[in-house]
Amino acid sequence: MFRFIANKRPAIAGLIIGLIIGLMVAGGYGGMSAWVCSGIRTCPASWQPFVLVSSIIFLIVFLIVFVATILFVRLYRILDTSTGSV
């Protein structure tokens, strides 16, 4: 899987990695909220707040990972000191 991602341009790799990590974090939050809410007596009447917070978390994580991937790839290209011989 990492070879598949490594062969992509930095922006595409950032999109793929950001999408995967963002979905994992937002899905974890949504699942944990549903689990905690099922164990208490007073739970919010609707599910919209959980979806809203999950989507905000997804967007924040997605954008951070996307920008960080592009930044780290550019820094790697600038700071790479290997001779290139194999």
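The values are calculated or read from the model by the stated rules, or taken from the named source; none is laboratory data. None of the values given here were measured: they were computed from a predicted structure. Neighbour counts are summed over all protein chains in view; Cβ atoms, including those assigned to glycine, are modelled from backbone coordinates with ideal geometry. Areas reflect the complete protein model, heavy atoms only, side chains present, ligands, DNA and RNA absent. Shrake-Rupley method; radii C 1.70, N 1.55, O 1.52, S 1.80 Å.
Cβ-Cβ distances below 8 Å connect the following pairs, each with a first residue in segment 65-77 that is closer than 9 Å to ALA13 by Cβ, a second residue that is open to solvent by 50 Å² or more (accessible area, probe 1.4 Å) and not polar (S, T, N, Q), and a separation of six or more residues or different chains: THR69/ILE17. Consider THR69 carefully, then state whether it is modelled with pLDDT under 85 and β-branched (Val, Ile, Thr). No, not satisfied. When only residues in segment 46-64 that are of a type in the set (Phe, Trp, Tyr) and farther than 13 Å from ILE20 by Cα count, which is surrounded by the fewest Cβ atoms within 10 Å (Cβ to Cβ)? Checked segment 46-64; the qualifying residue surrounded by the fewest Cβ atoms within 10 Å (Cβ to Cβ) is TRP47.
Selection of segment 11-57 for residues being among the aliphatic types (A, V, I, L, M), farther than 21 Å from LEU71 by Cα and without any contact (Cβ under 8 Å) to a residue 12 or more places away in the chain yields MET24, MET32, VAL36, ILE40, ALA45, LEU52, ILE56.
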